[in-house]
Amino acid sequence: MARGLSGPGREYLTEEEQKNAPKITKALLKRVFSYLKPYWKQLVLVILCLLISTSLSLLPTILTGKIIDDGIIGRNLKILIILILMSFGVTLLSNLIGVAQEYLNSWISQHITFDMRNQMYAHLQSMSQRFFTTNNQGDIITRMTSDIEGVKTVISSTFTSILSNSISLIVALVAMFQKNWIMALVGLLCVPLFVIPTRAAGKTRWTLTRQAQEYNDNINGILNETLSVSGQLLVKLFTKEKEEYQKYSDANEKMMKLNLKESMAGRWFRVAISTFSSIGPMLLYLAGGILIMNYDSTLSVGDITVMVALLGRMYMPVNRLLNFHVEWVRSMALFTRIFDYFDMKPEITNCKDPLVPAVSHGEVEFKNVYFHYSPEREILKGISFHLEPGHSIAIVGPSGAGKSTLVNLVPRLYDVTDGEVLFDGNDVRKLDVEYLRDQIGIVTQDTYLFNGTIRENLLYARPDATEDELIDACRKANIYDFISSQEKGLDTVVGNRGLKLSGGEKQRVSIARVLLKDPALMIFDEATSSLDSISEAKIQDAIDPLIKSRTSILIAHRLSTILAADEILVVKNGEVVERGQHKDLITKGGVYTELYNTQFGKDPEKNNNNPPVKAK
Ligand code: ATP
């Protein structure tokens, strides 16, 4: 997982990162820079600001020489004061320009990530159901959030840091060589003396930090799993409290020991930095001293002081530029991860000139439909049926037979792999997707309510629905009594995913929601599966008139739901094995009779006064 570019351990690439380093092609660079293009004017300003503020920030260091030589040693108070004021003024100006540059910088990066986020969200919305079922939800969220956040860091800090450090280094070098080339050379030779040992110490510390991060992830994993609502339930029901405590405590102990080690490594790291960074100035003083004493009487104390100060200003830029490769690879990896998503083509799209018929009857026809999620396993094999407008079809069959898959083909959650699905006589692929989905209302197996009030959930189907329409829909879905018994009525909060409501209440709210949508075709996918017989009867009372008044497809394991249907399709292993009405099928002695006997025969509560029928 990408961690963005901040935080500890940013200075080296992990083995995984090295292995997955993206190939940096011209096309990739062009694409990355295409995001910067709309902001090129601001970018030019940023570069100008950087150039000026970085150069100015080095000026006071250079002026120190004059302060010492002309002001202090030359005993000239006026020059001393002027130089000090100049230094102050230059520092102030450099900082002010720095602020402007930072503002511009974050303005650009915020705008680019704003564009990217919107683009990504719109793109994700256009992705098909298959994308969401095959990709890990966490991964999708990571790309939307921390990957794009990482890009912001790249733009606001990586690019500018490379630029400002290069400028600092060049200005410092030029100033040093201009003063005295011998001392400048000595200074240059001192840089590796600092850089090499501190990088080695840094690497050790980095390894420990990474390990700490891994341990931390592990601990977070344990916390997420065991302290979530469902995780806790599992722990309690399997009485795993002690084991889970032990697991957590072990992980916690490992973390503590590592943290101790890491903080000591940090201490050693600082010792290394301060020791090795003091070698350079000492060598410079020595070289300067020898030069002044024996060879170069023009060299002044001020010059030596400036050289030492400039050397100190070189360490950081050298270090940052040595990390350039790391930051570059990471930045490009972030961009490629994001581009990977952008490159995924939406599977379900409108054809050229899609149809938007004026009226819709909800008529559905399957013509020899084949479908698979992956080629190894055919889920639907040659399904054909015709649902006339105003009629209803019930689909029954064993679990996993392909019933939900079949109905998902109507609103084009997936496209057929062979054959045709017609809606009002048109191939669904020729219809405008938005139009098609507007004509269909589905009550799914896994009812989803947003975290909000019942009213908000209902209005999702039709934002302009009046209070009376809301109440009417709730009445029809047999949920109004429950709602009015709540203190806040329609403004009752349903909780995360609707968890504050029972399964039956949730389903009835979702039926009311579909009713508000008022679609031409209704699909009930086991709409009564999580209800007791009383709630089921309530729902049944709601559904029966609906089925009679509009075109509908019902998937049900329960007999009561399907008795009202005009035709029953029995699906097994992706094929329609029987079809007809209840009274005909029940006497056939086939799959339906078997289903009927196993599901309704032995359970008097579900029996609805229909006696089990013996297979012939
Ligand atoms: P149930 O009555 O249990 O809901 P069903 O008849 O509705 O079953 P489907 O949900 O259509 O069955 O599933 C048919 C088969 O397709 C199952 O074997 C299931 O594992 C598989 N399947 C369902 N959804 C997917 C998916 N998104 N990707 C891959 N396979 C899937």
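Just one of the listed residues (I338, I279) is among the aliphatic types (A, V, I, L, M), modelled with pLDDT of 85 or more and not assigned by TED's automatic domain parsing to the domain that holds K152, namely I279.
Counting only residues that are farther than 17 Å from F423 by Cα and either within 9 Å of the ligand (Cβ to nearest atom) or in a loop (DSSP other than H, G, I, E, B) (or both), the stretch 372-395 holds 9 of them. Taking the criterion of being more than 30 Å from I273 (Cβ to Cβ) and either buried (at least 16 other Cβ atoms within 10 Å of the Cβ) or touching a helix residue (DSSP H, G or I) at 6+ places or on another chain (Cβ under 9 Å) (or both), the residues of the stretch 200-220 that qualify are N218, I219.
Using beta carbons and a limit of 7 Å, which pairs, at least six apart or on different chains, have the first residue in the stretch 113-129 and closer than 15 Å to T142 by Cβ and the second one of a type in the set (A, V, I, L, M) and surrounded by fewer than 17 Cβ atoms within 10 Å (Cβ to Cβ)? If the second residue must be of a type in the set (A, V, I, L, M) and surrounded by fewer than 17 Cβ atoms within 10 Å (Cβ to Cβ), the pairs left are L124/I140.
Can you tell me which residue in the stretch 297-311 is most open to solvent (accessible area, probe 1.4 Å), limited to those that are outside any helix (DSSP H, G or I) and under 20 Å from V174 (Cβ atoms)? Result: T298.
Of all residues in the stretch 108-135, those being within 19 Å of V410 (Cβ to Cβ) and touching a helix residue (DSSP H, G or I) at 6+ places or on another chain (Cβ under 6 Å) number 0.
Restricting T91, T133 to those that are within 16 Å of the ligand (Cβ to nearest atom) and open to solvent by 50 Å² or more (accessible area, probe 1.4 Å) reduces the list to T133. Looking only at the stretch 288-295, decide whether some residue is open to solvent by 60 Å² or more (accessible area, probe 1.4 Å), among the polar types (S, T, N, Q) and outside any helix (DSSP H, G or I). Checked the stretch 288-295: no residue is open to solvent by 60 Å² or more (accessible area, probe 1.4 Å), among the polar types (S, T, N, Q) and outside any helix (DSSP H, G or I).
Please verify whether the stretch 311-322 includes one or more residues that are more than 30 Å from G202 (Cα to Cα) and in contact (Cβ under 8 Å) with a residue 24 or more places away in the chain. So far as the stretch 311-322 goes, no, none of its residues is more than 30 Å from G202 (Cα to Cα) and in contact (Cβ under 8 Å) with a residue 24 or more places away in the chain.
Please verify whether the stretch 447-455 includes one or more residues that are part of a helix (DSSP H, G or I), away from the ligand (no atom under 16 Å from the Cβ) and under 15 Å from G495 (Cβ atoms). Checked against the condition, which is being part of a helix (DSSP H, G or I), away from the ligand (no atom under 16 Å from the Cβ) and under 15 Å from G495 (Cβ atoms), the stretch 447-455 yields at least one hit.
Residue-wise test of (1) over 29 Å from A309 (Cβ atoms); (2) within 42 Å of the chain's Cα centre (by Cα).
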| residue | (1), (2) |
| --- | --- |
| L163 | no, yes |
| L169 | no, yes |
| F177 | no, no |
| L188 | no, no |
| V195 | no, yes |
| R205 | no, yes |
| D217 | yes, yes |
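Restricting T204, T209, T275 to those that are in a helix (DSSP H, G or I) and touching an Asp or Glu at 6+ places or on another chain (Cβ under 9 Å) reduces the list to T209. Restricting the stretch 431-446 to residues that are away from the ligand (no atom under 16 Å from the Cβ) and in a loop (DSSP other than H, G, I, E, B), the residue that is farthest from the chain's Cα centre (by Cα) is Q439.
Taking the criterion of being away from the ligand (no atom under 16 Å from the Cβ) and open to solvent by less than 70 Å² (accessible area, probe 1.4 Å), the residues of the stretch 356-371 that qualify are P357, S360, G362, E363, V364, E365.
Does N408 satisfy being open to solvent by less than 40 Å² (accessible area, probe 1.4 Å), more than 16 Å from the ligand (Cβ to nearest atom) and within 27 Å of the chain's Cα centre (by Cα)? Here the answer is no, as N408 does not meet what is asked.
Among the residues making up the stretch 73-85, those that are modelled with pLDDT of 90 or more and of a type in the set (A, V, I, L, M) are L77, I79, L80, I81, I82, L83, I84, L85.
The values are calculated or read from the model by the stated rules, or taken from the named source; none is laboratory data. Every value quoted in this text rests on a predicted model; they were computed, and no experiment measured them. Virtual Cβ from ideal backbone geometry, glycine too; neighbours counted across all protein chains shown. Heads up: the accessible areas ignore ligands, DNA and RNA and are worked out on the full protein's heavy atoms, side chains in. Shrake-Rupley method; radii C 1.70, N 1.55, O 1.52, S 1.80 Å.
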